[in-house]
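Have a look at the structure below before the remarks.
The values are calculated or read from the model by the stated rules, or taken from the named source; none is laboratory data. Predicted, not measured: the structure shown is a model, and the values here were computed from it. Heads up, the Cβs are rebuilt from the backbone with ideal geometry, glycines too, and the neighbour counts pull from every protein chain shown. Only protein heavy atoms, including side chains, enter the accessible area calculation; ligands, DNA and RNA are left aside. Shrake-Rupley method; radii C 1.70, N 1.55, O 1.52, S 1.80 Å.
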Amino acid sequence: MQSARQERPIGVFDSGIGGLTVAQAITRVLPDEQMIYFGDTAHMPYGDKSVELIQKYSTRIVRFLLDKYHCKAIVIACNTASAAAYVELRDALKGEIPVINVIDPMVERVVSDANLHHVGIIATLTTIRSGVYQEKLTRRRPDLKYSALATPLLAPMIEEGFFENNISNAVLHEYLDSEILDGIDSLILACTHYPLIKKEIEAFYSHQVTVIDSALVVAEKLLHILKKEGLLNSIQQKNNHHFFVSDLSDHFRKAVKIFYGDEINLEKVTI
Ligand code: DGL
């Protein structure tokens, strides 16, 4: 017998369209779950904001997802918010609902792959400065060499719809040519916007470097946690996801359509 708790939606948030790469993986791995997505487009990019500000925005979004939709789990589909606000959110919601970040499943994936020896990390300024990937990777695999590079232009560029064109290629080459990344055998896309330029990145390395994004591992982690907590929805649902943004842009509308088709509930909301 299904409980009311199991029927509740999953709350997912990011600063903008990046989290849609995670959301899409979630809807593939968990097709019977309803999702409430929040893109904080009015405050995008998070990557150049202070930790305090990102914590404030993240807390506000989570309150909205809980108060209005009674979400049964929260997925922080943003590396920057995961780096800045995960511990705070997890502690605040302890015993209430599970909170999943995008960093731990990625670290798990990387440390368990014995073929990886020198890992590159690209991310926003706030994520790189937090040192969270560097610290977690070293703790789990001291033998692993890593090289971290902040790539602050990438997320705003992608949010603006610039990918797979000359501009995105030029910006990307400028970053990936950096000597900091010399000799890497793998590259962590430590920003959920970056899977949208994954093909370009793989092409830059002529497919000789393993490019890893977090979408699937995060969705699998969520499946595992929902199962463990007895929160899986077992009743088949039709697509009734809701998408909220703090500022409605054409790019966001287009991006959601690309991922979810025409029949989407997209709304601007002030929180
Ligand atoms: N997508 C977000 C991340 O994973 C951040 C982009 C931004 O707002 O700077 O870090």
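Looking only at segment 187-231, which residues are open to solvent by 30 Å² or more (accessible area, probe 1.4 Å) and over 23 Å from LYS136 (Cβ atoms)? Full working, then the answer.
Step one: list which residues in segment 187-231 are open to solvent by 30 Å² or more (accessible area, probe 1.4 Å), which gives 195-196, 198-199, 202-208, 210, 213, 216-217, 220-221, 223-224, 227-230.
If the condition is that a residue be open to solvent by 30 Å² or more (accessible area, probe 1.4 Å) and over 23 Å from LYS136 (Cβ atoms), then LEU196, LYS199, GLU202, ALA203, PHE204, TYR205, SER206, HIS207, GLN208, LYS227, GLU229, GLY230 are the ones that fit.
Under the condition of being open to solvent by less than 20 Å² (accessible area, probe 1.4 Å), away from the ligand (no atom under 16 Å from the Cβ) and not charged (D, E, K, R), which residue from segment 68-87 is farthest from THR126 (Cα to Cα)?
CYS71
Out of ARG5, ARG63, ARG90, which single residue is away from the ligand (no atom under 11 Å from the Cβ), over 19 Å from ARG129 (Cα atoms) and modelled with pLDDT under 95?
ARG5
Would you confirm, using the coordinates I've provided, whether PRO105 is more than 16 Å from the ligand (Cβ to nearest atom), open to solvent by less than 70 Å² (accessible area, probe 1.4 Å) and under 16 Å from HIS224 (Cβ atoms)?
no
Could you grab the pairs with beta carbons closer than 8 Å, sequence gap of 6+ or different chains, first residue in segment 40-57 and closer than 25 Å to GLU267 by Cα, second one open to solvent by 60 Å² or more (accessible area, probe 1.4 Å) and within 11 Å of the ligand (Cβ to nearest atom)?
That search, which allows pairs on different chains as well, returns PRO45/PRO152; GLY47/PRO152.
Mind checking which strands (runs of 3 or more DSSP E) fall wholly inside segment 168-271 and carry at least 3 residues that are without any contact (Cβ under 8 Å) to a residue 60 or more places away in the chain?
On the way: elements: 186-189, 210-212, 242-245, 265-268.
In segment 168-271, 265-268 are the strands (runs of 3 or more DSSP E) which contain 3 or more residues that are without any contact (Cβ under 8 Å) to a residue 60 or more places away in the chain.
I'd like to verify a number: residues in segment 20-67 that are acidic (Asp, Glu), outside any loop (DSSP other than H, G, I, E, B) and buried (at least 24 other Cβ atoms within 10 Å of the Cβ), how many?
0
Looking at ILE121, ILE97, which one is open to solvent by 10 Å² or more (accessible area, probe 1.4 Å) and not in a helix (DSSP H, G or I)? Can you show your working first?
Values: ILE121 fails: open to solvent by 10 Å² or more (accessible area, probe 1.4 Å).
Just a single option satisfies the conditions, and that option is ILE97.
Note down all Cβ pairs under 9 Å where the first residue falls in segment 106-118 and is more than 12 Å from LYS221 (Cα to Cα), the second is of a type in the set (A, V, I, L, M) and in a loop (DSSP other than H, G, I, E, B), and they're at least six residues apart or on different chains.
VAL110/LEU116; VAL110/LEU144; VAL111/LEU144; LEU116/LEU144; HIS117/LEU144; HIS118/LEU144; HIS118/ILE184
Restricting attention to segment 32-44, does a residue exist that is among the hydrophobic types (A, V, I, L, M, F, W, C), in contact with a Ser or Thr (Cβ under 6 Å, 6 or more places away or on another chain) and more than 9 Å from the ligand (Cβ to nearest atom)?
Yes, segment 32-44 contains a residue that is among the hydrophobic types (A, V, I, L, M, F, W, C), in contact with a Ser or Thr (Cβ under 6 Å, 6 or more places away or on another chain) and more than 9 Å from the ligand (Cβ to nearest atom).
For LEU116, state whether it is in a loop (DSSP other than H, G, I, E, B), open to solvent by less than 10 Å² (accessible area, probe 1.4 Å) and not basic (Lys, Arg).
yes
Which one of these does ASP14 not meet: (1) among the charged types (D, E, K, R); (2) closer than 30 Å to ARG141 by Cβ; (3) at pLDDT below 95?
Failing condition for ASP14: (3).
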